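Everything on this sheet refers to the single structure shown next.
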Amino acid sequence: MNAESIRKLFDQVRRGKLTPDDAVQRLRHLPFEDLGFAKVDHHRALRAGMPEVILGERKTPANLAQIFARLAKQGGNILATRADEKQFAAVKEKVRGAEYRKLARAIVLQRDAKTYGKGTIAVVSAGTSDIPVAEEAVVTAEVMGNEVEHFYDVGVAGIHRLLANREALMKARVVIVCA
């Protein structure tokens, strides 16, 4: 779908030939953008309530940067997971404002800091070696508009370290455990 077809859709709504709800239904199933090597879904947030996330692992820096830049043109938050510093350097050349979260191995462009979630997500790592995976979960939840608390190294060796956070964990709406 291109700009002209979207204008026609809006015109149909304006003239009363199409209801706003019908127009939204049509927009939910828009095609993707074909880059030749990847098909970029610009409307996932409309259909699924959250934007597409790019899995960086095994993508070339140039390909990841191109996907990231195409998503950036559409607005909204963007997240690339399992990314390395070479990929980030390529993204940074194309997209101002992108940040690299080294421990999480994530590239983030956060334009919308509004909280959409209902309650807190608690991310818990059993040991220190689990922290990178926990950080990936933290970054993902934050980019998706959630309030996040993290509790690291709460204990494979002793339950007392976990129970020290009992009150906060009980208040959380979601608990993600990395062990």
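All of the numbers you see were taken from the coordinates with simple rules; none came from a lab. As the structure is a prediction and not an experimental result, all values here were calculated from the model. No Cβ is skipped: glycine too gets one built from the backbone with ideal geometry, and neighbour counts run over all protein chains shown.
Quick notes on this one:
- Based on C-alpha pairs under 8 angstrom that are at least 6 apart in sequence, region 1-98 has a relative contact order of 20 percent.
- Proximal charge balance of Ala122 [Cβ under 12 Å; K/R count +1, D/E count -1]: 0
- R0 of 30 Å, Cβ-Cβ distance Leu30-Lys114: FRET efficiency to nearest 0.05: 0.80
- Principal-axis tilt of helix 131-143 within the chain, Cα atoms, nearest 10 degrees: 40
- Between Val13 and Glu57, the FRET efficiency estimated from the beta carbon spacing at R0 = 30 angstrom works out to 0.15.
- Checking the cross-link pairs Lys39/Lys92; Lys102/Lys171; Lys73/Lys114; Lys17/Lys73; Lys59/Lys114; Lys94/Lys114 against a 23 Å limit on the alpha carbon distance flags Lys102/Lys171; Lys17/Lys73; Lys59/Lys114; Lys94/Lys114 as lying beyond it.
- The chain: angle of helix 3-14 to the longest principal axis, Cα-based, in degrees nearest 10: 80
- Against the main long axis of the alpha-carbon atoms of the chain, helix 85-94 sits at an angle near 30°.
- One entry in (i) 1.08; (ii) 0.94; (iii) 0.92 is Rg/Rh (Cα atoms, Kirkwood Rh) calculated from the shown coordinates; its label is (i).
- Between Arg82 and Val174, the C-beta separation translates, for a Förster distance of 25 Å, into a calculated FRET efficiency of about 0.70.
- Peptide ranges 72-85, 147-160 listed from the most packed, as the mean C-beta count within 10 angstrom indicates: 72-85, 147-160
- Highest-first arrangement of 50-57, 168-175, where packing means the average Cβ count within 10 Å: 50-57, 168-175
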